[in-house]
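Q: This structure is in structure tokens; I'll ask about it shortly.
Every read-out reported here was derived from the displayed coordinates using simple, explicitly stated rules and does not represent laboratory data. These numbers come from a predicted model, not from an experiment. Reconstructed Cβ throughout: ideal geometry from the backbone, glycine too, with neighbour counts over all protein chains shown.
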Amino acid sequence: MSRDPSTTESRIARYVTLIAVVVCAYGAAVWHGRAGEPYQTHIVAAYGVAAASMLGCWVHLGGVELDRYARAGVDTARSTASTTVATLAPAARRAKPAVVALLLVTSTVGGLALVGTQPTGNSQTDGVATAETTSPNGETVYSASNDNTVKAIDAETGEEQWTFSGHTDDVLAVEVSPDGETVYSASRDDTVKAIDAETGEEQWTFTTNSDYVMGLAVSPDGGTVYSSGGSSDIVTAIDTETGSEEWTFDGHSSSIYDVSASPSGETVYTASSDETVKAINAETGEEEWTFDGHSQYVRSVSASPDGEMVFSASNGPDSKSH
């Protein structure tokens with residue numbers, strides 16, 4: 001007995017649609033798990049391909065089902081409705097490939113356009129600024145970008161003073177030392193770099209134990225720079241003179257989005273996607289306390305000028321002081 005071709009087509013289309021749904025679910029899970037990062041090309045591309053597949057398959061299924069009903073309608077064309085279906089079905093079947101092709105083309109073009117507008121690693125063109133800070137005297141602005149560079153810009157004229165291109169992936173954070181002589185940058189390439197603020201020349205590189213570095217803070221005395229891992233639960237204290245590790249803290253259970261030093265320099269504060277804020281002894285790297293009053297990812301943390309209060313903000317509608 002021969003198999004109805006339309007039944008086979010329908011089964012294949014359903015399988016492809018199921019695969020597309022799984023791809024979408026995977027992409028959503030990865031995106032959620034890496035919240036806070038610049039968008040990733042492979043995630044956006046997965047969504048684009050899955051969406052195009054789903055649209056194409058459902059249009060295909062519609063044509064197959066309409067055609068099946070039409071054949072049944074031809075056999076029993078007793079009413080105006082069945083005759084109308086029988087008349088329209090051949091035209092729908094002929095138009096189906098063109099519609100699927102159009103959907104695939106437009107979805108692909110749209111996906112490529114979306115990918116092209118998102119910050120991605122290893123970009124060699126002018127990128128999107130991801131962070132900025134100002135020199136202590138207010139004369140220079142330092143900006144970090146997803147084009148893998150750090151730039152020094154004259155705050156009065158807007159003219160570029162120098163460009164540092166020593167990173168190999170997105171630069172996600174930039175800070176300047178209290179004396180204004182050194183700029184520190186953190187990148188998706190898993191490194192923290194010290195840059196001469198006058199010349200833009202690299203002074204040292206520290207490679208962390210994270211997949212990428214998202215947060216930076218400099219101690220008030222300028223002797224230590226603290227880095228937080230965006231995809232790990234590690235905070236690292238780095239000696240600014242030698243570029244060597246002083247201590248690491250791994251007390252969080254998920255990504256650390258922000259790190260801040262107290263005005264006295266005695267405490268380091270961290271904000272994490274595990275919905276907590278932690279205080280760490282700046283000398284020993286030991287935990288002092290944990291605040292768990294947030295109900296969503298904690299994105300930023302900072303201390304008041306007098307050091308009496310700590311302020312944190314999360315993905316939710318609440319900000320906290322503690």
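Q: Show me the ranking of peptides 298-309, 252-263 by mean Cβ neighbours inside 10 Å, starting with the highest.
A: Ranking, from highest mean packing down: 252-263, 298-309.
Q: Separate question: Sorting ASP233, ASP170, ASP196 on the 10 Å Cβ count, fewest up front, what's the list?
A: Placing the least packed residue first, the sequence is ASP196, ASP233, ASP170.
Q: Ranked by Cβ crowding within 10 angstrom, fewest neighbours first, how are GLU202, GLU156 ordered?
A: Going from least to most buried by this count: GLU156, GLU202.
Q: Right, something else. Quick one: THR284, THR191, fewest Cβ neighbours within 10 Å first, how do they rank?
A: THR284, THR191
Q: For a quick check: with amide H placed at 1.01 Å from N, whose amide H comes under 5 Å from VAL176's, ignoring anything fewer than 5 positions away on the same chain?
A: Correct list: TYR184.
Q: Follow-up. Just to compare against my own numbers: the Cα pair-distance distribution for segment 208-269, 5 Å bins, whole % per bin, please.
A: Reading upward from the zero bin: 4, 22, 31, 26, 14, 4, 0.
Q: Which order do the peptides 147-154, 210-217 come out in when sorted by mean C-beta neighbours inside 10 angstrom, highest first?
A: Most protected by this proxy first, the peptides run 210-217, 147-154.
Q: Could you state the principal axis extents of the C-alpha atoms in segment 129-321, from the largest down, to the nearest angstrom?
A: 44, 32, 29
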